[in-house]
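*Asks:* Quick one: the structure is below, questions incoming.
The values are calculated or read from the model by the stated rules, or taken from the named source; none is laboratory data. Bear in mind the structure is a predicted one, so any value in this text is a computation, not a measurement. Here the Cβ is made from the backbone with ideal geometry for all residues, glycine too, and neighbour counts use every protein chain on show. These area figures cover heavy atoms from the full protein model, side chains too; ligands, DNA and RNA do not enter into them. Shrake-Rupley method; radii C 1.70, N 1.55, O 1.52, S 1.80 Å.
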Amino acid sequence: MLLGPTANARGQTIFVDPGHGGPDPGAIGKTSAGTSVSEKDVTLAVGLAVAPLLRADGFGVVLSRTTDTTVAQLDSADQAGGALTVQGVYHDLKARIDCANSAQASFLLAIHFDAAESSVRGAETIYDTARPFRPDNQRLAQLVQQEVVLSLSAAGWSVPDRGIINDTALGSPALSAAGNAYGHLMELGPPQAGYLDRASLMPGALLEALFITNPAEADVAASADGQHAIAIGLERALLAYAAAE
């Protein structure tokens, strides 16, 4: 959904992609009170919180989704047993790339939350180095990481700063052999014939804001105040990035 600026138009559009959605819940954690938290819900909440802030700053904003749904129109092979298949995940990620490119976005921001053992905490931001705009990717990732950690701290939450990470150094297996051979995050990575013919055309970063498998961080992720603090950090990062542009 394209949302125009509400003040002082800059002539720049930001593609904001709340990760997962619909039959793809993403990571699932529990708050300290035992309430279940799905990544797809909190990414959407942050996306909906940051969009009006960016519009008021003069940016156009394209949200990949505004409700609990996938971005791709799924067919029967994309789902099985109420969940996305590997093919479905692939199609949904390609749809997000196509949306960003169709919007002629100036930059791309994907919002996610992480999962690991319950003791693992912190924020990290991922970028890709195999693009012509590698320096822009790295600068955007550094600003996102810095400002989100600062904003959460200012709101009263001390979140470990796990830094920025090259997507080839994540160390996590992909969903398929082809994905492992590709070796990048699809949304940020370069084109590859036969696997990803249409790559994103703009600098981008993917935020893993907190670990929702850590109960204390799930508390923050599930709270309106925590979501707002993350949104404020993202707004400040994108303003700083645009100012340098």
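*Asks:* In the set LYS94, LYS40, which member is out of contact with any Phe, Trp or Tyr (no Cβ under 8 Å at 6 or more places or on another chain), part of a helix (DSSP H, G or I) and surrounded by fewer than 21 Cβ atoms within 10 Å (Cβ to Cβ)?
*Replies:* Selected residue: LYS94, the only one of LYS94, LYS40 that is out of contact with any Phe, Trp or Tyr (no Cβ under 8 Å at 6 or more places or on another chain), part of a helix (DSSP H, G or I) and surrounded by fewer than 21 Cβ atoms within 10 Å (Cβ to Cβ).
*Asks:* Conditions: (1) part of a loop (DSSP other than H, G, I, E, B); (2) open to solvent by less than 10 Å² (accessible area, probe 1.4 Å). LEU54 meets all but one. Number of the miss?
*Replies:* Unmet for LEU54, out of (1) part of a loop (DSSP other than H, G, I, E, B); (2) open to solvent by less than 10 Å² (accessible area, probe 1.4 Å): (1).
*Asks:* Check off (1) open to solvent by 40 Å² or more (accessible area, probe 1.4 Å); (2) at negative phi; (3) not in a helix (DSSP H, G or I) for LEU239 and give me the number that stays unchecked.
*Replies:* Failing condition for LEU239: (3).
*Asks:* Mind checking whether some residue in segment 159-179 is under 26 Å from SER36 (Cβ atoms) and open to solvent by less than 40 Å² (accessible area, probe 1.4 Å)?
*Replies:* For segment 159-179, residues under 26 Å from SER36 (Cβ atoms) and open to solvent by less than 40 Å² (accessible area, probe 1.4 Å): present.
*Asks:* Identify, from the list LEU188, LEU207, LEU234, the residue that is in a helix (DSSP H, G or I), open to solvent by less than 50 Å² (accessible area, probe 1.4 Å) and within 19 Å of VAL16 (Cβ to Cβ).
*Replies:* LEU234
*Asks:* A follow-up question, please. For the subset of segment 104-127 comprising residues that are crowded, with 19+ Cβ neighbours inside 10 Å and aliphatic (A, V, I, L, M), which member is farthest from MET1 (Cα to Cα)?
*Replies:* Per the criteria, the residue is ALA123.
*Asks:* Listed residues SER32, SER64; which is within 30 Å of ASP225 (Cα to Cα), open to solvent by 30 Å² or more (accessible area, probe 1.4 Å) and modelled with pLDDT of 95 or more?
*Replies:* Sole residue among the options that is within 30 Å of ASP225 (Cα to Cα), open to solvent by 30 Å² or more (accessible area, probe 1.4 Å) and modelled with pLDDT of 95 or more: SER32.
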